[in-house]
């Protein structure tokens, strides 16, 4: 039986390699079943999932409340397109807006679509509200950013893997150093009224869970307010409880002009994203100017409503804060000869090794029964589900200690 299952797993990997485009380099794990913080592969081996699909699985695999919400909706209606209303749309928008302290929601599907939505809205707001001359609007982003992989978004990426060979690039963007308020102020001063928005991640996940200097986000908020510029927070990875806050920018008491959400908003079941803002911003759109056939569909809204309800109590945010302290304390206690730096907040960490390549570290961890993902160079990302127990977390970090010292 074991040999047959092993062959099946190898065969599945070969099939994907032969017929699936090579746009990812996955670890040699073939998931067959998952629940909570655990994944079981096609050979029956269990792994502790300390990646959680880059925060899409904040509530773990197959959370009973989310599965139940999806099943209820599957038995009623799953798609009508936005040509019609449905009974989940209005409540979803109202409840998500309330959670964010905003007025209005524009639902989409993927995180990249939420970012594209924000780019279009910011430009239209600039022309119709701020009075920017036609086709002169500029949006400022930051080095190390990751906002998606569409041709427009990679136009302001500084990651060669994301950007190279995908030109010509979309104009209308300037990139400044992440965390450098002086450079940001200088660029805003140089471009003047042409600047319509600053697009910023409160913590840069793809870059290796990089936090900005203390006061940076508050400084961006102050500058945007003073210069009449929209502050748009990309909270697609960092939001919805990951950092111990509903939104990561709350750690500095910052409220942006718009949140971009995704990943965890779909509960690990369906892709759900959204731009959440105020009527003076999102109100610039008129029927026919932006949309998506699947954006705000009944199934997505039903799952999203349950996600919002689960976050409303603050319990998951509190778990992330408490267990995050435990995780960071243990990670920073790893031998300095093996680990150069640990960064992050809540149940989110970037672990930079002294010499061990990130890919090799993740392969070692998988061999020890822990799933994680490398990013640039010697860095791996850890983002365990918020439902992980203290005992499971300790077990995972024990395995990390074994792997990096082996």
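Okay, residues lined up against (1) touching a residue at least 60 places away in the same chain (Cβ under 8 Å); (2) surrounded by 19 or more Cβ atoms within 10 Å (Cβ to Cβ); (3) under 23 Å from residue 208 (Cβ atoms); (4) not assigned by TED's automatic domain parsing to the domain that holds residue 385:
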site: 35; (1), (2), (3), (4): no, no, no, no
site: 39; (1), (2), (3), (4): yes, yes, no, no
site: 43; (1), (2), (3), (4): no, no, no, no
site: 46; (1), (2), (3), (4): yes, no, no, no
site: 51; (1), (2), (3), (4): yes, yes, yes, no
site: 58; (1), (2), (3), (4): yes, yes, yes, no
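From the residues in region 340-353 that are assigned to a strand (DSSP E or B) and more than 16 Å from residue 373 (Cα to Cα), which one is farthest from the chain's Cα centre (by Cα)?
Initially, region 340-353 is screened for residues assigned to a strand (DSSP E or B), giving 340-344, 349-353.
Next, only the ones that are more than 16 Å from residue 373 (Cα to Cα) stay: 340-341.
Numbers: 340: 25, 341: 22 Å.
Per the stated criteria, the residue is 340.
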query: Failed condition for residue 385, given (1) under 20 Å from the mean Cα position of the chain (by Cα); (2) under 22 Å from residue 30 (Cβ atoms); (3) assigned to a helix (DSSP H, G or I), with all others met?
result: (3)
message: For the structure I just gave you, tell me whether residue 207 is modelled with pLDDT of 95 or more and either assigned by TED's automatic domain parsing to the domain that holds residue 386 or not in a loop (DSSP other than H, G, I, E, B) (or both).
response: no
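If you scan region 304-321, which residues turn out to be more than 23 Å from residue 272 (Cα to Cα) and surrounded by 14 or more Cβ atoms within 10 Å (Cβ to Cβ)? Full working, then the answer.
Taking region 304-321 and keeping what is more than 23 Å from residue 272 (Cα to Cα), we get 318-319, 321.
Matches in region 304-321: 319, 321.
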message: Consider region 61-93. How many of its residues are out of contact with any helix residue (DSSP H, G or I) (no Cβ under 7 Å at 6 or more places or on another chain), in a helix (DSSP H, G or I) and surrounded by 14 or more Cβ atoms within 10 Å (Cβ to Cβ)?
response: 2
query: Do you know which of the residues in region 267-279 that are buried (at least 24 other Cβ atoms within 10 Å of the Cβ) and not in a loop (DSSP other than H, G, I, E, B) is nearest to the chain's Cα centre (by Cα)?
result: 273
- prompt: Looking at (1) touching a strand residue (DSSP E or B) at 6+ places or on another chain (Cβ under 6 Å); (2) more than 19 Å from residue 303 (Cβ to Cβ); (3) buried (at least 19 other Cβ atoms within 10 Å of the Cβ), can you tell me which one residue 121 breaks?
  reply: (1)
query: Just checking, which of 265, 285, 299 is in contact with a helix residue (DSSP H, G or I) (Cβ under 8 Å, 6 or more places away or on another chain) and within 22 Å of residue 250 (Cα to Cα)?
result: 265
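So that you can scan it fast, the table gives a plain yes or no per residue for (1) in a loop (DSSP other than H, G, I, E, B); (2) in the same structural domain as residue 226 (by TED's automatic domain parsing); (3) closer than 29 Å to residue 60 by Cβ; (4) without any contact (Cβ under 8 Å) to a residue 12 or more places away in the chain:
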| site | (1), (2), (3), (4) |
| --- | --- |
| 239 | yes, yes, yes, no |
| 250 | no, yes, yes, yes |
| 259 | no, yes, yes, no |
| 281 | no, yes, no, no |
| 296 | yes, yes, yes, no |
| 302 | no, yes, yes, no |
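Determine, yes or no, whether residue 97 is in contact with a strand residue (DSSP E or B) (Cβ under 7 Å, 6 or more places away or on another chain), surrounded by fewer than 21 Cβ atoms within 10 Å (Cβ to Cβ) and modelled with pLDDT of 95 or more. Explain how you work it out, then say what you get.
Values: in contact with a strand residue (DSSP E or B) (Cβ under 7 Å, 6 or more places away or on another chain): yes; surrounded by fewer than 21 Cβ atoms within 10 Å (Cβ to Cβ): yes; modelled with pLDDT of 95 or more: yes.
Yes, satisfied.
Any residue at all in region 305-323 that is farther than 26 Å from residue 38 by Cβ, in contact (Cβ under 8 Å) with a residue 60 or more places away in the chain, in contact with a strand residue (DSSP E or B) (Cβ under 9 Å, 6 or more places away or on another chain) and in the same structural domain as residue 101 (by TED's automatic domain parsing)? If you could, list the steps in order and put the result at the bottom.
Step one: filter region 305-323 for residues farther than 26 Å from residue 38 by Cβ, giving 305, 312.
Keeping just the survivors that are in contact (Cβ under 8 Å) with a residue 60 or more places away in the chain gives 305, 312.
Okay, now just the ones that are also in contact with a strand residue (DSSP E or B) (Cβ under 9 Å, 6 or more places away or on another chain), so none.
Taking every residue of region 305-323 in turn, none turns out to be farther than 26 Å from residue 38 by Cβ, in contact (Cβ under 8 Å) with a residue 60 or more places away in the chain, in contact with a strand residue (DSSP E or B) (Cβ under 9 Å, 6 or more places away or on another chain) and in the same structural domain as residue 101 (by TED's automatic domain parsing).
In this structure, does residue 144 turn out to be in the same structural domain as residue 241 (by TED's automatic domain parsing), in contact with a strand residue (DSSP E or B) (Cβ under 6 Å, 6 or more places away or on another chain) and modelled with pLDDT of 95 or more? Show your work before the answer.
On the way: in the same structural domain as residue 241 (by TED's automatic domain parsing): yes; in contact with a strand residue (DSSP E or B) (Cβ under 6 Å, 6 or more places away or on another chain): yes; modelled with pLDDT of 95 or more: yes.
Considered against the rule, which asks whether it is in the same structural domain as residue 241 (by TED's automatic domain parsing), in contact with a strand residue (DSSP E or B) (Cβ under 6 Å, 6 or more places away or on another chain) and modelled with pLDDT of 95 or more, residue 144 comes out as yes.
I need a count of the residues in region 67-88 that are under 23 Å from the mean Cα position of the chain (by Cα) and assigned by TED's automatic domain parsing to the domain that holds residue 278. If you could, list the steps in order and put the result at the bottom.
Within region 67-88, the first condition is being under 23 Å from the mean Cα position of the chain (by Cα), and the residues that meet it are 67, 69-70.
Restricting the remaining residues to those that are assigned by TED's automatic domain parsing to the domain that holds residue 278 gives none.
Looking only at that region, the number is 0.
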- prompt: Going by the structure shown, is residue 329 at negative phi and surrounded by fewer than 20 Cβ atoms within 10 Å (Cβ to Cβ)?
  reply: yes
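The values are calculated or read from the model by the stated rules, or taken from the named source; none is laboratory data. Remember, predicted model here, so these are calculated numbers, not experimental data. Heads up, the Cβs are rebuilt from the backbone with ideal geometry, glycines too, and the neighbour counts pull from every protein chain shown.
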